[in-house]
Each structure stands twice: as C-alpha cells, then as structure tokens.
1. Small (Gly, Ala, Ser), assigned to a helix (DSSP H, G or I) and over 29 Å from Gly149 (Cβ atoms): does that describe Ala342?
2. Would you mind stating whether Arg261 is basic (Lys, Arg) and under 18 Å from Arg218 (Cα atoms)?
3. State yes or no: is Leu234 surrounded by 14 or more Cβ atoms within 10 Å (Cβ to Cβ), modelled with pLDDT under 95, assigned by TED's automatic domain parsing to the domain that holds Leu118 and among the hydrophobic types (A, V, I, L, M, F, W, C)?
4. What pairs can you find where one residue is in the stretch 52-81 and farther than 15 Å from Leu118 by Cα, the other is among the charged types (D, E, K, R) and part of a loop (DSSP other than H, G, I, E, B), and their Cβ atoms are less than 9 Å apart, with a gap of 6+ or different chains?
5. Determine which member of the set Val186, Val206 is in a loop (DSSP other than H, G, I, E, B), surrounded by fewer than 16 Cβ atoms within 10 Å (Cβ to Cβ) and β-branched (Val, Ile, Thr).
6. Quick test for you: out of Leu155, Leu204, pick the one residue that is of a type outside the set (Ser, Thr, Tyr), in the same structural domain as Met372 (by TED's automatic domain parsing) and over 23 Å from Asp314 (Cβ atoms).
7. Hey, can you tell me all the residues within the stretch 41-65 that are hydrophobic (A, V, I, L, M, F, W, C) and either surrounded by fewer than 24 Cβ atoms within 10 Å (Cβ to Cβ) or part of a strand (DSSP E or B) (or both)?
8. Of all residues in the stretch 319-341, how many are out of contact with any Lys or Arg (no Cβ under 6 Å at 6 or more places or on another chain), crowded, with 18+ Cβ neighbours inside 10 Å and of a type in the set (Gly, Ala, Ser)?
Amino acid sequence: MNAMPGPRAATTPANGGTGKGMRLLVAAGGTGGHIYPALAIARACAERLGADPILFVGARGGMEERLVPQAGFALRTLAVGGLVRKRPAEALRGAFQLVSACGGALALLRSFRPDVVLGTGGYAAGPVGLAAGALRVPLVLQEQNAIPGVTNRFLARFAACVAVPYPEARRRFPGGARLVVAGNPVRPEVLGQEPAAARRRLGLPVAGRVVLMFAGSRGSAVFVGLLREFARRLTEGHLLFVSGVDHHPAALRAAGDAGPRVRVVPYLTEVGDGLAAADVVVCRAGAMTLAELAAVGRASVLIPSPHVTHRHQDANAAVFAAAGAALVLEEAGLDGGRLAGAVLGLLGDPARRAAMAAAARGLAQPDGLGRMVEAIAGAAASR
C-alpha cells in the first residue's frame, strides 16, 4: 500500500520566528472570510502572546496559497475538498481525499508539535481538527456565521473552546461544547480610515455620495448582472463596483457608458478605504463583511447568497435586519431597478442612514480579537 501523501510546504519562512514561544498551528482557507480572521488572530497572538513559530495549513489550490505567504506566514497545504452538496462521484472522491488528508494532518502535527491548534474554517480545518483531537492537542475553533458549519459543529465536541459571533449561534452547537461569544475579529487596517483621505486614495470625489458594491473576495456573476441597470438608474452619487478578478471583463462591459461616476475595479486590497469612503454599502452577507460593516458603522443593503451551505448568509443578514442595521433583499427576482430604488432611498435620507450606521456599530464586538487571544492562551495553559 502506498504511503499517504503528506502536506506540501510553502517556501515562505514561518513569520521570521525564533521558535522560542508558543507553537501555534492555524487551519484556515477557501475564502477570505476564513483566511483574514485567521491572519488577524495569528498576528495578535504573535504580538500579545509571543507565539512563535506560527504555521498555517490550508487546502491545495486555495486562496490561502497567495494570501498567507503574502502576510509573512509559513503555509503547508493538504489535498482536500468538500463533501457537502456534491455529486455522488465527487463526494466519493472527496471522501478518499479526506482520509488521505487526515493522515497528512497527523504527520504534520507530530512534526510541528503545536501547543494549540486554531481552526477558522476551510477544507483543511476538518482533518487538522480531527488530528488535534486524536493527539490531544488543544483545539480552538472560530465560527464566523450565525449558522455554524457541519465541521465546526462536529469538532466542537472535543474543542477546548468555540468562539461564536452572535449569541444566536450558541443554540446550534451540541450540549457540553465550551462556547464564548467573541464576534468576528476585524483586521486593524480596516479601522480608523478618514473618509476624505480614503476617497482620494481610491480616485473618488471628496464631495457627494458614494456607493460601494461588492460580493466578497471572488465576486459574483449575479452582481455583475445587476450592474448595468443599477448604474443607469443610480442618478445620484458615485459607484465603486468591485467585480472580482474573474468577473472584471464582464463588469466593465456591464458598466458600459455609465461614465466617470461609475468605477469598476477587480479587487479592493484596502477594504478599509472602500468602507470609509462609502455612504451606503451593497454587499453579500458574509460573516466577515458584516463584522467590518459593524466595526466602521455603515448603512447597508444586503443580498444574501442562496448558494452557500445551509444558507447561513440569510441568518447573518437577519441579525442585522432585526437590529435595524441593514435592508435585506432576496436575490431571487431582484433586478437593478429595484436595487437602485432601495439605494436611492437611503442616499436621500441622511437620518435613516445615520440610524442604520449606529445600529451596525451596536452589533460590533470591539474586543473580539482580544477574546480570541485569551481563548488561545487559556487553551495553551490547560495542556
């Protein structure tokens, strides 16, 4: 029988570390919503706990292969994919990959010898979490959504701690799970941007209203489909549309002859600038997007994706809608004209925008990052 394939190493050194601090292994990947909080937590652990070395584990071919080394952390990858909502043949192939990835994860943990394993989601988090449980390494989970994923619900049974974003998420975990409400950790660079300076950096006019529209790190064909009529009917203000790299040519065509008041960019590296510049944000209801909206306090129109597992974005959006922090529009049947009507209604009502922004700030967990660091420190101390 052939040996199970082990993890693949990235060429980036492990955060320039000396190896004298707490050894932290982080399993994260797939989307920016899993990767960015993991990066924020890892940096905070390095700064506040002296964590060193820090090693990330992700899935082969994922966004983590670009974002983690760019942030200065070492990365190992496992060949692993999803099982949920797959065709039978794909699910069978995924099951074989999962078994192989569990073997690779066990080998990796035995080699790296972490004091704590942190899982923030992504395909690699499952096998790494299982390996941590098998080797009795303290496991800390960070769940971003109001409806937790299957993997985190399962791993919660033997995790040292599970951090959830909202109190509503607690009832969805098995009894006996050690839970703490910590919000979602927002990157420090998202906070404290001055609107006028942000607009200048983005090439937007300092005066007037600005709408930011984006659909997450990968973009959305649905948002591009809304753009043509939305841009035509948005008779007030300027629109900054973030297309995602793959959808950029189509978005440029959809913007058509809208003129200089519509700017289409493939990716927004400094999302803090975009949020600071905007009077209204049109976006999906991903957990980290909502955490950033709350942290900076912005009125928003949310269009939850119906294509995510368990439709957890609907539950995320419902939290914001119930607080009066956002308008929620269903994707089904939505057109650019209806979207423009909702946005124009907010642009023309400063008092309502201010109330929504205040409600969003009321949902923020400003010490979420600190709570995550405390949870990791506690797990390390309990070993």
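The values are calculated or read from the model by the stated rules, or taken from the named source; none is laboratory data. Keep in mind that this is a model prediction, so the values were computed, not measured. As a convention, Cβ positions derive from the backbone with ideal geometry for all residues, glycine included, and neighbour counts pool all protein chains shown.
1. In short, yes.
2. no
3. The answer is no for Leu234.
4. Every condition considered, the pairs that remain are Met63/Arg218; Thr77/Arg60; Leu78/Arg60; Ala79/Arg60; Val80/Arg60.
5. Just one listed residue meets the conditions, Val206.
6. Testing whether each residue is of a type outside the set (Ser, Thr, Tyr), in the same structural domain as Met372 (by TED's automatic domain parsing) and over 23 Å from Asp314 (Cβ atoms) leaves just Leu155.
7. Those that are hydrophobic (A, V, I, L, M, F, W, C) and either surrounded by fewer than 24 Cβ atoms within 10 Å (Cβ to Cβ) or part of a strand (DSSP E or B) (or both): Ala44, Ala46, Leu49, Ile54, Leu55, Phe56, Val57, Ala59, Met63.
8. Result for the stretch 319-341: 3.
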